[in-house]
Each structure stands twice: as structure tokens, then as C-alpha cells.
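Engineer: This is the structure I have questions about; it appears just below.
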Amino acid sequence: MTHWLPAAWRRLRRPDAAATGNARWRVFAASCALLGLLAHLTLLPWFLWRGVPELVAYNLATLPVYLLATWVFVFRPGLPRRWHFIGTVGVGVELAGQGALATWLLGWGAGFHYYLLLVPLVILFSPFGKPLQRALLSAAVGLGYLALWEASNRVAPVYALAVDELRGYLLANFALVFVVVMAIGFLFERAATRMEGELEWERQRSERLLLNTLPAVIAQRLKDHPGEAIAERHAEVSVLFCDIVGFTHLSERLPPEELVALLNRVFTAFDDLADGHGVEKIKTIGDAYMVAAGLPEARADHAAVLAELALGMVAAVRALREETGAALDVRIGIHSGAVVAGVIGRRKFAYDLWGDVVNTAARMESHGVPGAVQVTEATARQLGGAYALAPRGELEIKGKGVMPVYLLQPAR
């Protein structure tokens, strides 16, 4: 059955249940209900045999409280919240009454006053009311406990018991309360440990998501100075733009699911190449892919590493075209120079670049040749003689005028 106590223990092991107060409370309350019911059934015949009519009457009158609590917390934990509240109040009041009445009738030495120690715990750990309210109520019960201790020392018990009998009851009642307190400590320590583990897992997950969005050094700065706009000027970087040629035509021919799956394969290959070369993926815009090298940490080979990346991207798309038969190709453009990079805004953080270099790199791509990598003269100077560059002549670039451009050839 799913409602028995072992099932409640199994639910406690689940991360979603361990993160909620009610699940932990249900296990604790079910334990108290079962222990209380057992104690009542054990004490009732003894009180009857010893001739303590007041406690016999009290146990008979309050036995339904534990039957109700057992029904609520053990058999029907899915009942509305008000039933859990009624069961909690009933158990708390019964414990206080039993402890006070039995202590007054049989004396402090019988150990029934220990029952009152459970009442502050029941109040404090229950999920009902605000924490401060529960703490103040627990403190009030504790003061009542001290008052009972003082009164019992001044007034002789109504029913006198032999010393050995008192000692036996003292030990039995102490043991019962000790078991319940240990159960409370175990359950809540277990739950707290599990929640700490889940919080750490969530922190690591958030960290991974943040690092997937931002460079590590930028993510750390953002955590150290939340809300602060991060902007840095980088004098020597290279920026690459890549665009899928004929993507609009593909989107008209392929079903949306196949189109997205194909684009995902292309960009996943690009991501692997970018990670392998240690460059920073900036963003994707539709079917365009933007990468930068030389930031957030400077590197002297920023142009060369993007050249290698670009050639790898062309080869990856060619291999995918041969595998799938899709009419895939890319245009790639690279430009080098100074940019401003950073993170702005407060929601959906993104590391981005600003400046003329970004615009010019985008123009290199849009004015490029399918299946080729087009670079500016500034990037060509950075590459030096390490790569063969085929002059393409001068092109009229929007916003820039006439510019000499080159087509990158494979490395020598």
C-alpha cells in the first residue's frame, strides 16, 4: 500500500519529496501517532490495574486522538491540509495533558513529565504557522514545563508508588521520549543533508548553465558584482561570422523538425570545433554563427586560430552535405581589430561585442563566396605568411567604401 509508513519513508528519499516540509512532517507525525497509540494501549490496562481512575478516563477519552492521527498521517496522508493541522494539534494537546495529569497524580519520579518535552518539538517542527510564532509557542510550553516541575516539587503525588516502580516508569518514559527525539533528529538531519546536496547540485547546474552563456572570467565578475554593467576594450581580437547558404530555400523544402535537426547538427559541429580551438562562441542569430578569438583573455594567435576554425567549419559542412545530401554550404568572413565586449542588462545575460570590427566581419560574410573564407587586409596582416591568401580584389562594402579582400586557402 502506498499510504503505509514504509511508503512514506520511500517518499522521503525522493528529491522532490525531501525538498518539501509536509513530506518530512508526515513521516515524523506518523511515527508519533503509531508510538502514541501503542503507548496508550499499553498504559490503559496498567492504569486500570493500579487503580488510577483519572488516568484511565483520560486515556479512554484521548484514545480517539491517536486513532485519528494514525488514520490521517499513516493511512490517508493525501487528506487536505486542515486534517493534518487537526491531527497535529490533537497530538500536541494530548501529550501536554498526559504529561501534566500523570505527573500531578503519580509524581515527578514516574517520568511522565518527559512527555512535555515533545510538545515544543511538535510545535516547532510542524509546518503550520510562521517560524517565529512556532518558536514563541514552543518557548511558552517550555515555561509551562518548568512551572509543572516547580509545582510537583511542592505538592505530594496523589497516588504513591514504590521506588522500584517509579524507577521503572521513569526509565520507560525517558526511553520513549528519547526514541521520538532521536527520530526527529534523524529525519530532519537526513532531510537537511539531502536538501543541502540538492542545493549544491542546483548551484553546480546553474554554474554550468552560466558558463555555457558567459566566459568563465566574465561569469565570476558578474557573480562578484551583480547588477554592474561589464564592458572591456580589447585592442587585438578577430571576429568570425558564418552563415548557412541557401537556408531560406531549405526552410521552404524541409519540415520544421527536420530543418531544426539539421541546423542543430551543423551548429553542434561548430561548437565542438570552437571548443577544440579554445575560442569564444558569442551567439547564433537564426542561421548565422558568431565567434571571437583574443577575448576575454588576450592571445597573440587570434587571427590564426580563427583561420583554422573557419577551414574546419567549411570541411565539417562539406562532410555533412555528403552524408545527408542536403544542399548545404557556408559563407565565412573574418576581420581583426579592436572591440568592446561585455554584458549589459539584468535579465537573460549574454556576452556580446560592439564596434566597427563586428560590423566589418559581418560584411565580409555577407559579401563572401559560398564555400570559402573571406578575410580583410587587417586579418591578412595578422596571418602573415602562415596561410595562402588569394586576393579577390577590391569590393564596395556598405558603410566602409572600397576594401581589398582575400580568400583564405588551406594552411601550407
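Engineer: If the chain between residue 321 and residue 285 were fully stretched, how many nm would it gain, using 0.36 nm times the residue separation less the Cα-Cα distance?
Structural biologist: 10.8 nm
Engineer: Right, another one. Subtract the Cα-Cα distance of residue 38 and residue 395 from 0.36 nm times their separation in residues, and report this length gain in nm to one decimal.
Structural biologist: This chain segment gains 119.3 nm when fully extended.
Engineer: Packing-wise, with mean Cβ within 10 Å as the measure, how do 54-64, 252-262, 123-133 rank, highest first?
Structural biologist: Per-residue mean Cβ counts within 10 Å order the peptides as 54-64, 123-133, 252-262.
Engineer: Given Cβ point charges of +1 (Lys, Arg) and -1 (Asp, Glu) and nothing else, what value in debye, to the nearest 20, does the dipole of segment 280-412 about its Cα centre take?
Structural biologist: Dipole about the Cα centre, nearest 20: 300 debye.
Engineer: So, one more: Separation between the residue 349 and residue 89 pseudo-spin-labels, each 7 Å from Cα along Cα→Cβ, expressed in nm?
Structural biologist: 4.8 nm
Engineer: Taking the Cα centroid of segment 92-119 and of segment 123-144, what is the distance between the two, rounded to the nearest whole Å?
Structural biologist: 18 Å
Engineer: Continuing with the same structure: So how strong a dipole does segment 16-171 carry about its Cα centre when Lys and Arg Cβ are +1 and Asp and Glu Cβ are -1, to the nearest 20 debye?
Structural biologist: 520 debye
Engineer: Which one of 187, 143, 403 is farthest out on the positive end of the charge dipole of the chain, using unit charges on Cβ (Lys, Arg +1; Asp, Glu -1) and the Cα centre as origin?
Structural biologist: It is 143.
Engineer: Let me ask something else about it. Segment 28-77 to segment 282-339: how many Å between their Cα centroids?
Structural biologist: Centre-to-centre (Cα) distance: 75 Å.
Engineer: Using only protein heavy atoms and a 1.4 Å probe, report how much of residue 282 is accessible, in Å² to the nearest 10.
Structural biologist: Rounded to the nearest 10, the figure is 20 Å².
Engineer: Continuing with the same structure: As a test of understanding, state the convex hull volume per residue of the chain from its alpha carbons, in Å³.
Structural biologist: So the per-residue Cα hull volume is 215 Å³.
Engineer: Treating only the Cβ of Lys, Arg, Asp and Glu as charged (+1, +1, -1, -1), what charge dipole size does the chain show about its Cα centre? Round to the nearest 20 debye.
Structural biologist: Once rounded to the nearest 20, the dipole reads 1320 debye.
Engineer: Follow-up question, since we're still on this one. What is the sum of charges, Lys and Arg at +1 and Asp and Glu at -1, for the other residues whose Cβ falls under 15 Å from the Cβ of residue 105?
Structural biologist: -1
Engineer: Tell me the net charge near residue 303. Cut-off is 11 Å between Cβ atoms, residue 303 excluded, with +1 for each Lys or Arg and -1 for each Asp or Glu.
Structural biologist: -1
Engineer: On to the next question. Listed highest first by mean packing, meaning other Cβ atoms within 10 Å per residue, what order do 66-79, 195-208, 96-109 come in?
Structural biologist: Final packing ranking: 96-109, 66-79, 195-208.
Engineer: Return one number: the angle in degrees, 0 to 90 and rounded to the nearest 10, between the long axis of the Cα atoms of helix 21-50 and the longest principal axis of the Cα atoms of the chain.
Structural biologist: Approximately 10 degrees, to the nearest ten.
Engineer: Under 26 Å between C-alpha atoms is the cut-off here; go through the chain and count lysine pairs that meet it, provided they're at least eight residues apart or on different chains.
Structural biologist: Count of close lysine pairs: 9.
Engineer: Moving on. Given points 7 Å out from each Cα along the Cα-Cβ axis, report the residue 71 to residue 196 separation in nanometres with one decimal.
Structural biologist: For the pair residue 71/residue 196, the computed spacing is 4.1 nm.
The values are calculated or read from the model by the stated rules, or taken from the named source; none is laboratory data. None of the values given here were measured: they were computed from a predicted structure. No Cβ is skipped: glycine too gets one built from the backbone with ideal geometry, and neighbour counts run over all protein chains shown. Quick note on the areas: whole protein, heavy atoms, side chains included, nothing else; ligands and nucleic acids left out. Shrake-Rupley method; radii C 1.70, N 1.55, O 1.52, S 1.80 Å.
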